[in-house]
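Working notes, structure below.
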Amino acid sequence: MNSPSKEDPQDLAGQYVLGTLSAESRRAVEQALPRDAALRAAVQAWEARLLPLTGLVEPEEPSSQLWPRIARSVAAHAGGKAGRSAPRARWWDSLALWRVVAATGVAAAIVLATVPLQPTPAPPARYMVVLAAPGNMAPGWILQSVDEGRLRLQPLRADAVPAARALQLWTKADGWSGPVSLGLVEPGKTVEVPLGKLPPLQPNQLFEITLEPPAGSPLGRPTGPILFIGRAVKMT
């Protein structure tokens, strides 16, 4: 891993708080936190965004039949062993079976040696964005990559939108001349957002939801206030 000071603190802090770093990278971040003020501030910001999400998941209680069923299974297994009078032939003791397995293994080795292996394509990178209110950093939406061409936007709460106004989703990566609209968003509803001809997602890519006229911004750029904002974190 590179030195934490050489990486983007927002991206690194997001992965640290989400728990997606390797053990080695996590130790490096922990060692850097006392002396890296920017990284420390980024970690605190990500914790403020993400920790409230833990309260959104209701705890699940196991059914009342689960433990009795486990106890019966254990008792039946133990009883079967105690009451066994004569050992039965086991499938792994069959000489014929192991001859077949050995022959199959030799055939597989021959095939692998003579047929060139096709490279396995790497799975597309997955990204996650927590869109939070700029003022209090309260999370309002979760944005996740479904595949290379689609995102799933999921609300964490239903916010009221003023009459004759609409929510519009935007994104901007480093090097772009300006933000690009990803369309209007209906409050309180999950939606899949196509990326169209946009480049693949990048770490730290900016996303925001603004308040716009009913048909969206007439200028091709945000005109209303930013209601929610966040940056993409690559899920390793």
Hey, any hits in region 48-58 for a residue that's more than 20 Å from residue 202 (Cβ to Cβ), over 19 Å from the mean Cα position of the chain (by Cα) and at pLDDT 75 or above?
no
Those residues of region 210-231 which are closer than 21 Å to residue 164 by Cα, in a strand (DSSP E or B) and either in contact with a Gly (Cβ under 8 Å, 6 or more places away or on another chain) or of a type in the set (S, T, N, Q) (or both) amount to 210, 211, 212, 227, 228
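The values are calculated or read from the model by the stated rules, or taken from the named source; none is laboratory data. These numbers were taken from a predicted model, which means no experiment stands behind them. A quick note on method: Cβ atoms are made from the backbone with ideal geometry, for glycine too, and the neighbour counts reach across all protein chains shown.
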